[in-house]
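**Student:** A single structure is presented below for examination.
Please treat every number below as a calculation from the coordinates, not as lab data. The model shown is predicted, which means the values in this text are computed figures rather than measured ones. Cβ atoms come from the backbone with ideal geometry, glycine included; neighbour counts cover every protein chain shown.
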Amino acid sequence: MEQISMIGIDLAKRSFQLHGARADGAVVFRKKLSREKVLDFLASQPGCTVAMEACASAHYWGREILRLGHQVKLVPPIYVKPFVKRQKNDAADAEAICEAAQRPTMRFVAVKTEEQQARGMLFRTRDLLVRQRTQTINALRGHLAEYGVIAPQGPAHVGRLARAVEDPDSVLPEPVRELGGLLLAQIADLEVKIAGLETDLHACARQDEEAARLMTIPGVGPVTAMALQAFAPPMESF
């Protein structure tokens, strides 16, 4: 078998396209494998560099392939695009990934650990719930403004809206008060969930030495410190 230097993989949900090349760029193989057969095939290959786009599921596959003894390089998709030749398809994408990863000045994304991804999910989940809370508050403000009930933006002023909804003598029709109560209950539920996630973030920040050091910087709190921990590349990559 010809010595393989680089394997480019175009990730997908079910069928993955693989492109194997020697150090001089000569093509050794082009294969399409099902998801279940990818790791078995890579386990049968001698140690080489496996390149993928840094997209959904790339970090999972990166960890699994590293365990097989290969080197893994994740290339940002924007850096792969210039190497796609002519018609775009899975085979062309795998070849482009392989070519991009061989460039001496290419920049790569570090493979994240399971713990890093878990922290990233915690941070993103909190961010999602905060946005949902803001959307719900704005929806309630907009509906009540049609009846002359005005309140400034922000969670701190939800109480003013709640008092108008809960007041049986207010100018609001009964159906509006019922629907307003539904939105208020949704806001309260989101508040509880956000507070719980922030408690988890604070606990993680206290237990992590790097996060604790980051929090010694003026203006950096637990949320910012954990965001840096979850999403910033490792220091050795700078």
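**Student:** Excluding K88 itself, what net charge comes from residues whose Cβ is under 14 Å from its Cβ, given Lys and Arg +1 and Asp and Glu -1?
**Tutor:** On the way: positive: K81, K85, R86; negative: D10, E53, D90, D93, E95.
Charge balance in the 14 Å sphere: -2.
**Student:** Could I ask something else about it? If amide hydrogens are placed 1.01 Å from N in the peptide plane, which non-local residues have theirs closer than 5 Å to the one on K32?
**Tutor:** Result for K32 returns L18.
**Student:** Connecting C-alpha atoms closer than 10 Å in a GNM of the chain, tell me which of Y60, Y79, Y147 has the biggest fluctuation.
**Tutor:** So, out of Y60, Y79, Y147, the one fluctuating most is Y147.
**Student:** Here is a follow-up. Quick one: length gained pulling D24 to E210 fully straight, 0.36 nm per residue minus the C-alpha distance? Mind dumping the intermediate values first?
**Tutor:** Working: separation 186, 0.36 × 186 = 66.96 nm, distance 4.18 nm.
Going from the current span to full extension adds 62.8 nm.
**Student:** If you stretched the chain out fully between I217 and E198, how much longer would it get, using 0.36 nm times the residue separation minus the C-alpha to C-alpha distance?
**Tutor:** Working: separation 19, 0.36 × 19 = 6.84 nm, distance 1.95 nm.
Taking I217 through E198 to full extension adds about 4.9 nm, to one decimal.
**Student:** Per residue of segment 173-183, in order, report the coupling 6.51 cos²θ - 1.76 cosθ + 1.60 (Karplus, θ = phi - 60°) as ³J(HN,Hα) in whole Hz, putting x for Gly and Pro.
**Tutor:** x, 4, x, 5, 5, 5, 5, x, x, 4, 5
**Student:** In nm, to one decimal, how far is the R103 label point from the D40 one, both placed 7 Å along Cα→Cβ?
**Tutor:** With each label placed 7 Å out from Cα toward Cβ, I get 3.6 nm.
**Student:** What 222 nm value per residue comes from the helices of the chain, counting each DSSP H run with n ≥ 4 as -39,500 (n - 2.57) and dividing by all residues, nearest 500 deg cm²/dmol? Write out the running numbers ahead of the final one.
**Tutor:** On the way: 9 runs with 126 residues, N = 238.
Rounded to the nearest 500, it is -17000 deg cm²/dmol.
**Student:** Taking the chain as a Gaussian network, Cα atoms linked when under 10 Å apart, which of P155, P76, P104 shows the biggest mean-square fluctuation?
**Tutor:** For the chain, modelled as a Gaussian network with Cα springs under 10 Å, the answer is P104.
**Student:** Want the number for I78 to C55: 0.36 nm per residue separation, take away the alpha-carbon distance, what's left? List each step's numbers first, then the result.
**Tutor:** Numbers: separation 23, 0.36 × 23 = 8.28 nm, distance 1.07 nm.
Taking 0.36 nm per residue and subtracting the Cα distance, the gain is 7.2 nm.
**Student:** Most fluctuating residue of H19, H143, H59 in a GNM of the chain with Cα springs under 10 Å: which is it?
**Tutor:** Per the Cα network of the chain with a 10 Å cutoff, H143 tops the list.
**Student:** May I pose another question? Order these by the 10 Å Cβ neighbour count, fewest first: I97, I9, I137. Before the final figure, lay out each step's value.
**Tutor:** Values: I97 31, I9 26, I137 22.
Ordered by Cβ neighbours within 10 Å, fewest first: I137, I9, I97.
**Student:** A follow-up question, please. What range in the chain is the longest one free of GluC sites (Glu not before Pro) that are in a loop by DSSP and have at most 13 other Cβ atoms within 10 angstrom? If you can, show how the numbers build up before the last one.
**Tutor:** Numbers: sites that count: E2, E146.
For GluC sites (Glu not before Pro) (loop position, at most 13 other Cβ atoms within 10 Å), the longest site-free span of the chain is 3-145.
**Student:** Cut-off 20 Å, label point 7 angstrom out along Cα-to-Cβ of T224: give me the residues of segment 192-206 whose amide nitrogen falls inside.
**Tutor:** Under cut-off, by backbone N: 198-206.
**Student:** Taking 8 Å as the Cα distance limit and 6 or more residues as the minimum spacing, I'd like the relative contact order of the chain as a percentage.
**Tutor:** Working: 310 pairs, mean separation 34.4, N = 238.
Contact order relative to length: 14 percent.
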